[in-house]
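The values are calculated or read from the model by the stated rules, or taken from the named source; none is laboratory data. Computed from a predicted structure; not experimentally measured. Using ideal geometry, Cβ is built from the backbone for each residue, glycine included, and neighbour counts are taken over all protein chains shown.
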Amino acid sequence: MIELMLGNQAVARGAYEAGVAVATAYPGTPSTEITEYIAKYDEIYTEWSPNEKIALEVAIGASLAGGRAIVSMKHVGLNVAADPLFTVSYTGVNGGLVIVVADDPGMHSSQNEQDSRFYARSAHIPMLEPSDSQEAKDYIKCAFELSEKYDTPVIVRLTTRVAHSQSLVETAEPQPITLKEYVKNPNKYVMMPGMAKARHIVVEQRMKRLTKDSYDLDINKIEKGNSSIGIITSGVVYHYAKEVLPEASYLKLGMIHPLPKDLILEFASKVDKLYVLEELEPVIEEQIKSWGIQVSGKELFSVQGEYTANMIERAIKGSTVNMKQKEELPNRPPVLCPGCPHRAVFYNLKKLKLTAMGDIGCYTLGALPPLEGIDACVCMGASIGMAHGFEKAKGKDSSKKVVGVIGDSTFIHSGIGGLIDIVYNKGVSTILILDNSITAMTGHQDNPSTGRTIKGEITAALDLVALVKATGINNVRVIDPFNLKESEAALKEEIERDQPSVIIFKRPCALLDKSQSSPLKIDSEKCTSCGLCLKLGCPAIQKKEEGMVIDESLCNGCKLCTQVCRFNAMEGVDY
Amino acid sequence: MKNINILIVGVGGQGTLLTSRVLGSLASKLGYDAKVSEVHGMAQRGGSVVTHVRFGDRIFSPLIEEGRADILLSFEKMEALRWIHYLKEDGMLIVNDQAIDPMPVITGNAKYPDDILNRLINRISNVFIINAQEIAKEIGNIRVSNSVLMGVLAQHMNIKKEDWEEVLSSIVPPKTIKENLKAFKIGYNTKLGCEEGARLNDVLE
């Protein structure tokens with residue numbers, strides 16, 4: 001059957017057809033849908049793990065037990081999982097082990113533009129890169145075969161345009177889920193120095209064997225065309241190039257680590273001018289240059305952002321279509337949704353002029369005007385350690401002006417360690433956990449605090465208050481952020497305290513909250529157009545020539561604005 | 001068949017993804033090669049959103065390049081202007097006459113341009129303007145405005161009305177099929193003025 005499938009959906013289908021037994025992940029754009037789609041297959045045990053390191057460790061355990069396992073994450077997630085990654089390269093696998101990592105060139109939804117291919121090189125793990133949904137499915141199956149044949153984990157790298165584009169996929173029958181026998185083998189699986197030294201030799205031999213065999217690997221393809229231009233490329237960039245240079249010769253790499261050296265030498269010898277087209281870092285280009293081959297790459301292109309077909313045409317052919325002029329217009333940045341509980345917290349942070357160390361999630365949007373409630377954002381869980389460090393550098397009194405802001409899922413992911421650090425090292429920071437009871441930014445995934453698994457089953461819900469208390473924090477309170485006055489008083493009290501404290505601001509994500517009522521209206525008789533309500537940065541409240549207006553199609557009746565308005569000008573509610 | 005490139009733009013939350021799903025299903029149902037590219041995550045939260053739909057005999061890139069879109073379908077009028085440079089020389093613009101203020105306008109740091117429709121008409125010869133949400137309101141469901149826009153789009157493509165209706169019915173929530181089909185029909189039957197009068201299906205075939 002042929003179906004139009006998202007790249008991520010095709011990865012899931014590939015896992016199903018490959019007879020995967022266990023699938024794990026922590027959500028992260030653009031990788032999230034992979035595991036959501038896998039969860040729909042009843043046969044496959046699927047979980048959201050608390051973070052990517054744990055997700056990989058669960059997958060390693062499943063592989064050791066003899067089942068095929070797949071773990072998915074975004075590029076920065078692989079940093080979190082890097083510790084087990086480097087050593088599972090030494091132990092190898094029992095059941096096939098595939099790590100899917102989705103890079104985000106252009107940073108559509110990420111904090112950096114790192115290139116995951118470096119991980120494959122430094123951890124000595126083979127890496128495949130599909131260019132569309134059909135290949136995404138096929139390469140996952142290929143990755144499992146390679147994993148078991150060469151006794152290695154295999155990384156499959158996607159980029160946003162492959163993960164989030166739909167193209168046609170021909171599906172096949174799944175192979176049954178089978179378990180290999182587990183045989184105790186400390187020399188292979190216990191990585192102490194004595195054993196690891198022996199395994200490092202095995203790793204090197206494996207990569208040499210893969211390099212040699214990659215000459216015949218059918219996912220590395222030469223497409224003969226005009227011999228004047230030869231292009232070495234992989235992933236979606238192959239399609240950009242085919243769009244504007246259909247006549248050129250191509251070496252399309254399906255395996256991007258290790259590189260098929262002999263195939264590349266052969267291809268290079270048959271073309272007049274050789275190009276490498278790769279987004280982000282010159283990973284392939286530098287390896288080819290190190291073999292003494294002349295090749296053009298990054299002198300024509302940037303290491304920043306995505307490539308486009310027009311860009312390739314301009315660089316190689318020197319021309320492209322006539323460009324129309326772009327218009328100068330007001331930007332349309334993403335915003336916190338109407339009714340978002342985070343808005344209320346940031347309104348108070350700004351009012352109290354607090355410095356806030358932020359974290360990764362929807363609440364990062366609180367950094368933008370008019371709320372401007374976040375001072376810094378680095379990575380998952382960083383807010384707590386950063387608030388602590390800020391205090392230690394500036395002295396105790398600074399903690400009265402500084403807070404750490406983190407979400408429920410992010411706190412569980414990697415925030416808890418920072419809190420233990422604060423208590424252990426006598427910090428006095430105030431940490432705000434914005435608990436909207438869901439992993440929201442990536443599209444509403446469950447997490448250990450929601451009481452539901454990825455399959456929708458009821459499970460134990462992590463008690464955040466008990467967890468915080470167990471670290472040794474004595475001052476924990478739970479507040480509804482939509483009670484602005486109570487929130488403000490609590491903030492003032494906790495930042496003054498000479499002890500560490502945690503405020504859990506608890507209110508469900510506005511997109512999931514069913515309790516909200518009908519839209520409000522502005523009473524133009526009462527409204528003085530003072531603009532105070534605009535400080536909330538609610539997209540539903542707009543200033544028009546006739547005065548303030550609430551856009552009915554956007555307002556979800558959260559009533560936060562009624563607490564800010566001094567003239568009771570919002571209609572449709574009881575005061 | 002020559003490849004067709006349709007760029008769908010709007011504001012996160014307006015339902016542009018439903019339209020691209022309908023187009024993608026329609027193209028694969030008719031046996032074309034098809035690619036649809038969308039952006040998820042942070043870009044969706046009330047920000048400017050864009051979806052690329054391409055179909056034909058053989059599609060390589062999932063993305064439409066600047067200057068190469070046959071049709072620009074815009075759910076919001078300022079977004080039409082923002083993405084206008086993606087249209088090819090004789091490309092067609094279908095625009096919903098709706099204004100949604102972005103945050104810099106709400107906070108008073110920028111002004112929503114008041115001459116957008118004129119600027120669009122001055123730059124593009126094939127412009128069709130419709131107030132889809134007004135029609136949707138009359139039908140009684142504000143969410144069906146994207147079906148009105150699909151109806152207008154369908155006027156200009158060589159795909160049978162029945163195929164559109166079948167695919168639309170299979171994708172929208174079952175309870176809203178009737179309202180969506182009504183919205184589609186109104187869009188399909190509304191005769192809109194176009195400065196040059198050229199029909200895109202003449203250009204495409």
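Points worth noting:
- Identity of the residue in region A:300-327, touching a residue at least 24 places away in the same chain (Cβ under 8 Å), of a type in the set (D, E, K, R) and not in a loop (DSSP other than H, G, I, E, B), that ends up nearest to the other protein chains (Cβ to nearest Cβ): A:Glu313
- Checking B:Gly47 against (1) in contact (Cβ under 8 Å) with a residue 12 or more places away in the chain; (2) over 22 Å from A:Val321 (Cβ atoms); (3) surrounded by 21 or more Cβ atoms within 10 Å (Cβ to Cβ); (4) at the interface with chain A (Cβ under 7 Å from one of its Cβ atoms), the condition it does not meet: (3)
- For A:Gln9, the conditions (1) surrounded by fewer than 24 Cβ atoms within 10 Å (Cβ to Cβ); (2) among the polar types (S, T, N, Q); (3) away from chain B (no Cβ under 14 Å) all hold with the exception of (3).
- From B:Arg58, B:Arg54, residue being out of contact with any Leu (no Cβ under 6 Å at 6 or more places or on another chain) and surrounded by 20 or more Cβ atoms within 10 Å (Cβ to Cβ): B:Arg54
- From A:Ile222, A:Ile231, residue being within 14 Å of chain B (Cβ to nearest Cβ), assigned to a strand (DSSP E or B) and at pLDDT 95 or above: A:Ile231
Yes/no matrix, rows are residues, columns are (1) assigned to a strand (DSSP E or B); (2) farther than 30 Å from A:Val423 by Cβ:
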| site | (1), (2) |
| --- | --- |
| A:Arg477 | yes, no |
| A:Ile495 | no, no |
| A:Asp513 | no, yes |
| A:Cys527 | no, yes |
| A:Met548 | yes, yes |
| A:Asn568 | no, yes |
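- From the options A:Ser165, A:Ser110, residue that is in contact (Cβ under 8 Å) with a residue 40 or more places away in the chain, surrounded by fewer than 24 Cβ atoms within 10 Å (Cβ to Cβ) and within 14 Å of chain B (Cβ to nearest Cβ): A:Ser110
- Considering region A:523-553, the residues that are facing another protein chain (nearest Cβ under 9 Å) and more than 34 Å from the chain's Cα centre (by Cα) include one that is surrounded by the fewest Cβ atoms within 10 Å (Cβ to Cβ), namely A:Lys544.
- Unique match (being closer than 25 Å to B:His40 by Cα and either within 29 Å of the chain's Cα centre (by Cα) or modelled with pLDDT under 95 (or both)) among A:Glu279, A:Glu286: A:Glu279
- Annotation note: of A:Pro338, A:Pro330, the sole residue that is surrounded by fewer than 24 Cβ atoms within 10 Å (Cβ to Cβ) and within 11 Å of chain B (Cβ to nearest Cβ) is A:Pro330.
- All positions within region B:87-119 that are more than 26 Å from A:Ile541 (Cβ to Cβ) and buried (at least 22 other Cβ atoms within 10 Å of the Cβ): B:Leu87, B:Gly91, B:Met92, B:Leu93, B:Ile94
- Within region A:29-75, the set of residues being under 19 Å from A:Phe144 (Cβ atoms) and of a type in the set (Lys, Arg) comprises just one member, A:Arg68.
- Pairs, first more than 7 Å from every other protein chain (Cβ to nearest Cβ) in region B:100-124, second assigned to a helix (DSSP H, G or I) and surrounded by fewer than 16 Cβ atoms within 10 Å (Cβ to Cβ), C-beta under 7 Å, six or more apart: none
- Unique residue being within 24 Å of the chain's Cα centre (by Cα), closer than 23 Å to A:Thr24 by Cβ, modelled with pLDDT under 95 and not small (Gly, Ala, Ser) when the list is A:Thr364, A:Thr410, A:Thr439: A:Thr439
- When B:Met157 is tested against (1) within 21 Å of B:Val9 (Cβ to Cβ); (2) in contact (Cβ under 8 Å) with a residue 40 or more places away in the chain; (3) assigned to a helix (DSSP H, G or I), just one condition goes unmet, and that condition is (3).
- The single condition from (1) of a type in the set (Ser, Thr, Tyr); (2) surrounded by fewer than 21 Cβ atoms within 10 Å (Cβ to Cβ); (3) in contact with a strand residue (DSSP E or B) (Cβ under 6 Å, 6 or more places away or on another chain) that A:Tyr189 fails is (3).
- Residue count for region A:518-575, restricted to those that are touching a Leu at 6+ places or on another chain (Cβ under 7 Å), touching a residue at least 60 places away in the same chain (Cβ under 8 Å) and among the aliphatic types (A, V, I, L, M): 4.
- The residues on offer are A:Ser122, A:Ser116, and the sole one that is at pLDDT 95 or above and within 18 Å of the chain's Cα centre (by Cα) is A:Ser116.
- Residue check, B:Lys137 in a helix (DSSP H, G or I), surrounded by 15 or more Cβ atoms within 10 Å (Cβ to Cβ) and of a type in the set (Lys, Arg): no
- Meets criteria (closer than 25 Å to B:Ile130 by Cα and either within 14 Å of the chain's Cα centre (by Cα) or surrounded by fewer than 24 Cβ atoms within 10 Å (Cβ to Cβ) (or both)) for B:Leu30: no
- Filter result for A:Thr364 (in a loop (DSSP other than H, G, I, E, B), within 12 Å of chain B (Cβ to nearest Cβ), surrounded by fewer than 21 Cβ atoms within 10 Å (Cβ to Cβ) and β-branched (Val, Ile, Thr)): no
- A:Lys74, sole failed condition from (1) out of contact with any strand residue (DSSP E or B) (no Cβ under 6 Å at 6 or more places or on another chain); (2) within 14 Å of another protein chain (Cβ to nearest Cβ); (3) closer than 27 Å to A:Val237 by Cβ; (4) not β-branched (Val, Ile, Thr): (1)
- Verdict on A:Val283 being touching a helix residue (DSSP H, G or I) at 6+ places or on another chain (Cβ under 7 Å), more than 10 Å from chain B (Cβ to nearest Cβ), β-branched (Val, Ile, Thr) and surrounded by fewer than 23 Cβ atoms within 10 Å (Cβ to Cβ): yes
- Residue satisfying all of: in region B:62-86; outside any helix (DSSP H, G or I), of a type in the set (D, E, K, R) and at the interface with chain A (Cβ under 7 Å from one of its Cβ atoms); surrounded by the fewest Cβ atoms within 10 Å (Cβ to Cβ) among these: B:Glu66
- Filter pass, A:Asn94 being within 14 Å of another protein chain (Cβ to nearest Cβ), crowded, with 24+ Cβ neighbours inside 10 Å and either of a type outside the set (A, V, I, L, M) or not in a loop (DSSP other than H, G, I, E, B) (or both): no
- Scope region B:6-39; condition facing chain A (nearest Cβ under 7 Å) and more than 18 Å from B:Ser145 (Cβ to Cβ); matching residues: B:Gly24, B:Ser25, B:Ser28, B:Asp33, B:Ala34, B:Lys35, B:Val36, B:Ser37, B:Glu38, B:Val39
- Any hit, region A:134-152, residues being under 25 Å from B:Lys35 (Cα atoms), assigned by TED's automatic domain parsing to the domain that holds A:Thr32 and in contact with a Leu (Cβ under 6 Å, 6 or more places away or on another chain): yes
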